[in-house]
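Worksheet: one structure, shown below.
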Amino acid sequence: MSLSSFIAKLAGATALVGLSAFGVQAQTSGEAIKIGAIVSVTGAGAGLGVPERNGLLLAEKDINAKGGIKGRPIKIIVEDDASNPDTALSKANDLIFGQKVQALLGPSLTASTVAVGGVTHANKIPQIAFTGIGPAVERDRKCVAHVLPPQRLNATALLEYAKSIKATKIGVLHDAGYGNVVMAELKPLADKYGVKLVAVEKFEIGATDTTTQAAKVKAAQPEAVFIIATSATPFRNVKQIQITQPVIAAIGSSSYEYVNAMGPAADNIVIPEFVVGEDPLPHQKAFVELYKQAYNSTPKNYEAAAWDAAHIIAAALNKAGADATGEKLCEAMKAPYAGVLANYDFSADDMTGIPITSFVFSKLVGGKYTRTPFRVAQ
Amino acid sequence: MNPRTLLWLVPCLIVWAVLPFVVPRNIADLLVFTGIYTVAGLGIGLLLGHCGIVNLAQATFYGLGAYASAYCTVMMGLPSIVGFLAGAAISMALAYVIGRPILRLTGYFLALGTLALSAIASALFFEWDWLTGGTLGIGGIPKLDLFGFLLDRPSRYYFFVWIVAFACMAVAHNLIDSRTGLMLRAMRDSSTAAAALSIDLQALRTKVFVVCALFGSLAGSLFAHHASFVSTQSFTVDRSISFLLIPVIGGATSIPGIVVGALFVTFLPELLSKLGDIHQILFGLALVAVVVLMPEGLVGAFAKLRTRFARKGGSHG
């Protein structure tokens, strides 16, 4: 068999597998409904943007395979903002005013979300961001929904797990970016949970060594350690200096990219998150299987968030009509929605409405995720 | 003004005035960014083309202008003009205080000194979240209001930004054409000879560095009122490098070259992004190609080409 014919057969087989994953195809016809998406496929946010793009494209196939929006297909136009808010703003202007999309999904990063929100809010274009709600100005933007939890909820989830293991003296290692934001929410909540933060150590984003900070946390003799960062470094350092107390990490470091970089340190770490691809919840199973077939890898939170965002806007379009105005779509969106990642309620004040009960608590054991039985009760 | 200049200036002005109304909004938005980057790039061009100084700290002054506007308008509720003035004053003062010692350095050492300034400022923008909002930034910066006329869309803001850019170009042109410009070129071409002619090199360099900071700050304030949001991600060392590219690509000694450079760094990434994930590699290759093949920038290469054709035309005639 020549190389070219082998490649052709392989491509054919892949296409067949891909199509069969969506079962019986429903027919769609007519002009496609355009939905814009801005994700960070390159730059510092690529770890988020690439999985989000995968989730979006899979959702597009799924929605169209199920008949689209009242028989009309949807087309998700994905643009890369290179992790830069200025680029995100230009892309949003292009998608909204140039390509005339009906709604916008993304961006991946908070700064870009706030920048783009200025355009979508002013022009009443529905937007579903792949971030938790950020600065105060976002509370006034009632047409910008969020499919990831606000940082206050992430901080609450960490404290709920600490409470469950009866840890009241906590040491915290956090970075100067994402970690700083979660930390700002964690401090006032700690008192409410009866938790004393015995050591709070900050390190630079991209730091290659945090041993000094980890040693200070160890010296304070905490009963558990929180790591709030988007980096594998603090996890490695915590193991190197033999901190034996339970380590609880925020969702920011849950991607496989970070877990692989942790190496042998990816062990005995608990993460409050949403999707454990190795052991999904019953309502997540179909999505996880579909994703595995399409991409030959296991999805996590950001893939699921993007999948949910596309389906939420599709549901709003189905409810309000394919040619509905932005304002009507926004109104249609403001309702509870049971997603793969979480149960949302976009009529909530934080434009997310994710309850703490949507969190699952995974545990890294020998570099593999397992789902713990712990859930926060209603 | 001679009739020949008028012959090309009038059509150019007409095109400039009509452009935001005929292009799609995203292109108008890019033209606004081109104007903002022209203002920031002019300062770098003055330093690079006329003093031989590589300034990698422009994002610092750009950030100071943007944060001053954001803080004054959002946090303190002051009029926008206060933000512009505060940013300019802080940037110029900082440029003077930092410039006096570091402008004693020359060549690569000076470039590294300015790079260090940019890195320190970038870290402080992150750390001083009580002032800058840190990672979350400051949102809700009001659009500029000129005597009741709200500049709330790119086609309106375009005119304001470009009028500021033209004013900055006029300042730069006057500076280059003045006695100071002559001293600058003397210093660039032979600092020893210039010093022998009793030119105070350090004072001169500091003066241009302060002007550069003023332009950077103005650009930052313009950016803040356009984006309505500022965060640390817009003022990193990467942004300083982008600003340096503007005169390098367009032509450091020519003012139109700065506009060409600003067009290059705003439009090319946008056009290349249509080609998929490799767009950043392609942009890098385009940069290398311009720098290697056109060491005097795009405007310099165009001037050479025009001279060559003129000579050919002359020999045939």
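Size of the dipole of region B:24-316 about the Cα centre, Lys and Arg at +1 and Asp and Glu at -1 on the beta carbon, nothing else charged, in debye to 20?
920 debye
What's the FRET efficiency of A:ALA377 with A:GLU327 using the Cβ-Cβ distance as r and R₀ = 45 Å, to the nearest 0.05?
About 0.70, to the nearest 0.05.
Per-residue HN-Hα couplings for region A:188-200, Karplus 6.51 cos²θ - 1.76 cosθ + 1.60 at θ = phi - 60°, whole Hz, x for Gly and Pro?
After applying 6.51 cos²θ - 1.76 cosθ + 1.60, I find x, 6, 4, 4, 4, 8, x, 9, 9, 8, 7, 8, 10 Hz.
Cβ under 12 Å from A:GLN221's Cβ, A:GLN221 left aside: what net charge do those residues give with Lys, Arg +1 and Asp, Glu -1?
Residues near A:GLN221 contribute +3 overall.
With label points built 7 Å along Cα→Cβ from the Cα atoms of B:LEU305 and B:PHE147, find their separation and express it in nm.
4.2 nm
What dipole magnitude, in Debye to the nearest 20, does chain A give about its Cα centre under +1 on Lys/Arg Cβ and -1 on Asp/Glu Cβ?
For this selection, approximately 620 debye.
Can you compute the FRET efficiency between B:CYS12 and B:ASP189 using 1/(1 + (r/R0)^6), with r the Cβ-Cβ distance and R0 = 35 Å? Round to the nearest 0.05.
0.65
Using +1 at the C-beta of Lys and Arg and -1 at the C-beta of Asp and Glu, which of A:VAL200, B:LEU115, A:ILE251 has the Cα lying farthest in the positive direction of the dipole of the protein assembly as shown?
Towards the positive end, the residue furthest out is B:LEU115.
Per DSSP H run of n ≥ 4, the term is -39500 (n - 2.57); total these for chain B, divide by its residue number, and report the mean residue ellipticity at 222 nm rounded to 500 deg cm²/dmol.
My calculation for chain B gives -26000 deg cm²/dmol from helical runs alone.
Give me, ordered by chain and number, the residues 5 or more places off A:ALA129 or on other chains with an amide H under 5 Å from its own placed amide H.
Under 5 Å from the amide H of A:ALA129: A:GLY106, A:ALA145, A:HIS146, A:VAL147.
Which helices of chain B meet both criteria: a Cα extent of 27 Å or more along the helical axis and a mean Kyte-Doolittle score no lower than 1.0, with helices taken as whole DSSP H segments? Each step should come with its number before you reach the end.
Details: long enough: B:3-22 (28 Å, 1.78); B:25-51 (38 Å, 1.27); B:80-102 (33 Å, 1.63); B:107-127 (30 Å, 1.57); B:154-177 (33 Å, 1.03); B:201-227 (39 Å, 1.11); B:297-316 (29 Å, -0.24).
Helices passing the filter in chain B: B:3-22, B:25-51, B:80-102, B:107-127, B:154-177, B:201-227.
Please name whichever of B:VAL288, B:THR73, B:ILE90 sits farthest to the positive end of the charge dipole of region B:24-316, dipole taken about the Cα centre and charges placed at Cβ: Lys and Arg +1, Asp and Glu -1.
Among B:VAL288, B:THR73, B:ILE90, the one farthest towards the positive end of the dipole of region B:24-316 is B:VAL288.
Once you order the gyration tensor axes a ≥ b ≥ c over the Cα atoms, which shape class does region A:185-286 get: rounded for a/c under 1.5, otherwise prolate or oblate by comparing a/b with b/c?
oblate
Checking the table A:LYS61/A:LYS239; A:LYS34/A:LYS363; A:LYS202/B:LYS143; A:LYS34/A:LYS334; A:LYS187/A:LYS292; A:LYS319/A:LYS363 against a 31 Å threshold on Cα-Cα, which pairs fail?
A:LYS61/A:LYS239; A:LYS34/A:LYS363; A:LYS202/B:LYS143; A:LYS187/A:LYS292; A:LYS319/A:LYS363
Using +1 at the C-beta of Lys and Arg and -1 at the C-beta of Asp and Glu, which of A:THR230, A:ILE241, A:VAL114 has the Cα lying farthest in the positive direction of the dipole of chain A?
Going by the Cα projections, it comes out as A:ILE241.
Please list, in order along region A:151-158, the HN-Hα scalar couplings obtained from phi with the Karplus expression 6.51 cos²θ - 1.76 cosθ + 1.60 (θ = phi - 60°), rounded to whole Hz, x for Gly and Pro.
In residue order, the calculated couplings are 4, 4, 6, 4, 5, 4, 4, 4 Hz.
List the pair-distance distribution P(r) of region A:273-378, using every Cα-Cα distance, as the percent of pairs falling in each 5 Å bin from 0 up to the bin containing the longest distance, rounded to whole percents.
Here the calculated profile for region A:273-378 is 2, 12, 19, 20, 17, 13, 9, 4, 2, 1, 0.
If I take the Cα coordinates of the protein assembly as shown and project them onto the principal axes, what are the three extents in Å, biggest first?
Sorted largest first, the three principal extents are 82, 66, 66 Å.
Rounding to the nearest 20 debye, state how big the charge dipole of the protein assembly as shown is about its Cα centre with +1 on each Lys and Arg Cβ and -1 on each Asp and Glu Cβ.
800 debye
Tell me, rounded to the nearest percent, the portion of alpha carbon pairs in chain A spaced more than 26 Å apart.
52 percent
Could you tell me the calculated FRET efficiency between A:GLU204 and A:ALA184, based on Cβ-Cβ distance and R0 = 22 angstrom, to the nearest 0.05?
0.80
Quick one: compute a quarter of the convex hull surface over the Cα atoms of region B:172-289 and quote it in nm².
9.3 nm²
So how much accessible surface do A and B hide from each other in total, probe 1.4 Å, in square angstrom to the nearest 100? Don't skip to the answer; put the middle values down first.
Working: alone 15780 and 16040 Å², together 29360 Å².
Adding both sides of the contact gives about 2500 Å².
Express the carbon and sulfur contribution to the solvent-accessible surface of region B:93-161 as a percent, rounded to the nearest whole number, probe 1.4 angstrom.
Percent of accessible area from carbon and sulfur atoms in region B:93-161: 72.
Along the Cα→Cβ direction, 7 angstrom out, place labels at A:GLU257 and B:ILE281. What is the inter-label distance in nm?
Going from the A:GLU257 label point to the B:ILE281 one covers 1.7 nm.
From the alpha carbon gyration tensor of region B:24-316, can you work out the equivalent ellipsoid semi-axes (sqrt of 5 times each eigenvalue) and give them in Å, largest to smallest?
30, 25, 19
Give a residue-ordered list of calculated ³J(HN,Hα) values for region A:246-263 (Karplus: 6.51 cos²θ - 1.76 cosθ + 1.60, θ = phi - 60°; whole Hz; x for Gly, Pro).
Here the 3J(HN,Hα) series is x, 10, 10, 10, 6, 4, x, 9, 8, 5, 4, 4, 6, 4, 4, 6, 5, x Hz.
If amide H atoms are built 1.01 Å from N in the plane of the peptide, which residues on other chains or at least 5 residues away come under 5 Å of the amide H of A:SER347?
Counting only residues 5 or more places away or on other chains, the set is A:ALA335.
Could I get the Rg over Rh figure for region A:252-319? Both from C-alpha atoms, Rh via Kirkwood, rounded to two places.
Working: Rg = 14.1 Å, Rh = 13.5 Å.
Answer for region A:252-319: 1.04.
Quickly estimate the mean residue ellipticity at 222 nm for chain A, helices only: each DSSP H run with n ≥ 4 gives -39500 (n - 2.57), and the total goes over all residues, rounded to 500.
Taking each H run of at least 4 residues, the total per residue is -13000 deg cm²/dmol.
For A:GLU201, which sequence-distant residues (separation of 5 or more, or a different chain) have an amide H within less than 5 Å of its own amide H, given hydrogens modelled in the peptide plane?
The list, which skips near neighbours in sequence, is A:VAL172, A:LEU173, A:HIS174.
The values are calculated or read from the model by the stated rules, or taken from the named source; none is laboratory data. Keep in mind the model is a prediction, meaning the values are calculated, not measured. Here the Cβ is made from the backbone with ideal geometry for all residues, glycine too, and neighbour counts use every protein chain on show. Just so you know, the surface numbers come from the protein's heavy atoms only, side chains and all, with ligands and any DNA or RNA stripped out. Shrake-Rupley method; radii C 1.70, N 1.55, O 1.52, S 1.80 Å.
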